[in-house]
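In what follows, a structure is listed as structure tokens, so that the remarks can point back to it.
The values are calculated or read from the model by the stated rules, or taken from the named source; none is laboratory data. The structure displayed is predicted, hence computed values, not measured ones. Ligands, DNA and RNA are excluded from the accessible area calculation, which covers all protein heavy atoms including side chains. Shrake-Rupley method; radii C 1.70, N 1.55, O 1.52, S 1.80 Å.
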Amino acid sequence: MDRLQNPYQPGAGTRPPALIGRDELIDGFGVALRRTLTGRSGKSCMLVGLRGVGKTVLLNRFAEIAEAEGVKVGFIEASENGDFRTLLAVRLRRILLEWNNRISRAVATALGVLKSFTLKLPGGASIAIGVDALAGRADSGLLAEDLTDLLVAAGEAAGTCDSGLVVAVDEVQYLSGDELAALVTAIHRTTQLGLPVLLTGAGLPQLPALVGAARSYAERLFEFPAVNSLPPEEAAAAIAVPAGELGVELTPGAVDRVVTESGGYPYFLQEWGYHVWNAAPANPITDDDVNAARVERHRHARPRLLPRPVRPVDTQGEGLPARDGGSRARSPPLGRHRGRARGQGRIGRTAPIRSHRQGHDLQPGARGHRVHGSAVRSVPAESHAGPLRVRLPAHRTRPEPPADDLGR
């Protein structure tokens, strides 16, 4: 098989050659967008799912639909270390400057509001806009108020230009609590005013809980459709259609094997398709070619990286920070005490600590100062006949009772 013609494209956010099984989500966004442009409120959409199911691909498709309708799109990929306010200001600057060619008073006002907004960016960052700041708009220093002023001004500018604004945010779970609350508040206000502004985003499965915690009315503003693996019929089409468009056939056994091995997971469908194509000697692609791709892939694959543990482990032996500023002893690796008999271990916190920051491996982002708090109580193993005594830290030791009370 010609590797140059390989139609499969495994990657992060890379659009597959055949976007199958997502028609309902795509149509739903199109309806919400057109309702927003006509002044009727349309619920913003927040895609929810595990990594590799195609959320970013769908966001890019939403952006294509919006641009085909003459709507400007500000696409932002949030990150743990990035600043959402600066990213949003940069995207809106480009959009407003494009609208400014139409010499609209509302656009000039929005640019002035954006200038005011950038005066409060963290770290003293500045963005060249070329207009004077508009006093009293987006300059309070309160993120929720300032972001609301900014999106309202941008929405009014979009209306005068017969256009609209879509803010698309990928990896929404990385936004801080204040940033997420401010964004929800701003979209709430633009929806109330009937402005042509729509928010869409994507995030991991904890996203609905995070958005609900940011603002209690968020569930009435957004829909949270789940993006899952494909059912067998659609998964089979996703693997067979791209090859068929190039005149290459996959036998039913080969298709069934790929669907079974991938579990219908969109990313793994592309990964399997890519390697099976490269392993096949000729057309048609058979079940034996799928098995050969498995052997070849395992032979050249790098060792799989293990996900980081929920509890942080100090590999340098220097101890983890404690709440009181001191240092804690090195944490034991997970599973060291699994072989102990009941009652011979240490009682501590075993459940993962939930955090609004999530790691790339879907594990809660562990923080030393949150996971390792003050000293935990230790329950030593005692004989069944003896009492079970609890050792408390020195600062919490109970005082000895008076001598005259010992006989009571």
Q) Which three extents, in whole angstrom, do the alpha-carbon atoms of the stretch 238-301 cover along their principal axes, largest first? A) 30, 25, 17
Q) Relative contact order, percent, of the stretch 212-273 when contacts are C-alpha pairs under 8 Å separated by at least 6 residues? A) 36 percent
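What order do Leu37, Leu250 take when sorted by accessible area (1.4 Å probe), most exposed first?
Numbers: Leu37 65, Leu250 25 Å².
Correct descending sequence by accessible area is Leu37, Leu250.
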Q.
Please compute the length gained on full extension between Asp83 and Ala135, using 0.36 nm multiplied by the number of residues separating them and subtracting their Cα-Cα distance.
A. 16.3 nm
Q) Using alpha carbons only, what's the Rg to Rh ratio of the stretch 141-241 with Rh from Kirkwood? A) 1.09
Q.
I'd like the accessible area for Asp287: 1.4 Å probe, protein heavy atoms, all chains in place, Å² to the nearest 10.
A. 50 Å²
**Q.** Accessible-area value, Phe84, 1.4 Å probe, nucleic acids and ligands omitted, Å²
**A.** 10 Å²
(Q) Could you sort Ile76, Ile65 by their accessible area in this structure, using a 1.4 Å probe and putting the largest first? (A) Ile65, Ile76
(Q) If the reach is capped at under 26 angstrom between alpha carbons, list the lysines near Lys115, excluding any in the same chain fewer than eight residues apart. (A) Lys72
